[in-house]
Amino acid sequence: MGSLGLWLRSLAFNVGWYLGSVLFALAGAPLLLAPRRVVVGWARAWIVFVLWWLRVTCGLTHRVTGLENLPAGPVIIACKHQSTWETMAFTLLFADIAIVLKRELLFIPIVGWAMARAGNIAVARGDGAAALRGLVKQAKAAIADGRSIVIFPEGTRVAPGDRRPYQVGTAALYRQLGVPVVPMALNSGLFWGRRKWIKRPGTITLEVLPPIAPGLRREAFMETLQDSIEGATIRLSRL
């Protein structure tokens, strides 16, 4: 497909995404007063629309492999972060999760309020030890409620082929929560890049990797986590 075709299909997606999101937000705003499960259902319906529109306009779909590696019960999901795609798709792919996100996202009218009402975990960047304590406290409450945690260890979107240092938050959750950490790798950035207008056709692969059981020392845990995620990410980038 030529560059003009990609641009036009991406234009169609972005227009429909923004307009559809506004309509979903306005129509669903009263649901912010409903129980959390209703808010989550509303969010999942919006994500179904976005991913359907992405497939129709841009020819971009996804697949999940390695689901047999996902243990029963609440876990910590530690995933590579390359794209906006996974920030939406995870809510649809995994039941009743709590995603660790930037606190400033909660200030977005309606959408941000829905993120808060859905029970996600907001962390203020730059608050150091206070932010870490807040992360652990919220995560413990989610795990006690039977919900899994999703955290992006690098703390931000990273382009394919690049690496950022893994932040201390994942290790703190591993040490404090006493549940398995499930590493996940993906190649979403090959198709929907960070701050990129163009969405390329293809199939995003999300791979669930073998879990890391509780009990490792911090250094061993971080080394195991990085080796697992980065090795699989390099492999998926070649698909």
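The values are calculated or read from the model by the stated rules, or taken from the named source; none is laboratory data. From a predicted model like this one, the values you see are computed outputs, not experimental measurements. As a convention, Cβ positions derive from the backbone with ideal geometry for all residues, glycine included, and neighbour counts pool all protein chains shown. Remember, those area values only see protein heavy atoms, side chains included, never the ligands or the DNA or RNA. Shrake-Rupley method; radii C 1.70, N 1.55, O 1.52, S 1.80 Å.
With the highest mean first, a sort of the peptides 208-214, 88-94 on other beta-carbon atoms found within 10 angstrom per residue produces 88-94, 208-214. Computed over protein heavy atoms with a 1.4 Å probe, the carbon and sulfur contribution to the accessible area of region 1-76 reaches 72%. Give the carbon-plus-sulfur fraction of the accessible surface of region 132-237 in %, rounded to a whole number; probe 1.4 Å, heavy atoms of protein chains only. Of all accessible area on region 132-237, carbon and sulfur atoms account for 51 percent.
Are there GluC sites (Glu not before Pro) in region 39-107 that DSSP puts in a loop and that have at most 16 other Cβ atoms within 10 Å, and which ones?
Numbers: sites: E68, E86, E104; in loops: none.
Those that pass, being in a loop and sparsely packed, number zero.
The residues of region 14-64 present an accessible area of 55 Å² per residue when probed at 1.4 Å with all protein chains retained. Relative to a virtual label point 7 Å from the Cα of T61 in the Cα→beta-carbon direction, which members of region 206-239 show backbone nitrogen distances below 15 Å? Residues 206 fall inside that zone.
Here's how it looks for H62: its modeled amide H is under 5 Å from those of I204, which are all 5 or more places away or on a different chain. Averaged over its residues, region 95-149 has an accessible area of 53 Å² per residue, based on protein heavy atoms and a 1.4 Å probe. Using a simple spin-label model with pseudo-atoms 7 Å out from Cα toward Cβ, I234 and R194 lie 1.9 nm apart.
Computed with a 1.4 Å probe on the full set of protein chains, the accessible area for L8 sits at about 90 Å². Label-to-label distance, L105 versus V48, with points set 7 angstrom from Cα along the beta-carbon direction: 2.2 nm. Binning the alpha carbon pair distances of region 1-111 at 10 angstrom intervals from zero yields the distribution 11, 38, 35, 15, 2, expressed in whole percent. Extending 7 Å from the Cα toward the beta-carbon at both N69 and T203 defines two label points whose distance is 1.8 nm.
Taken over the Cα atoms of the chain, the convex hull encloses 120 Å³ per residue.
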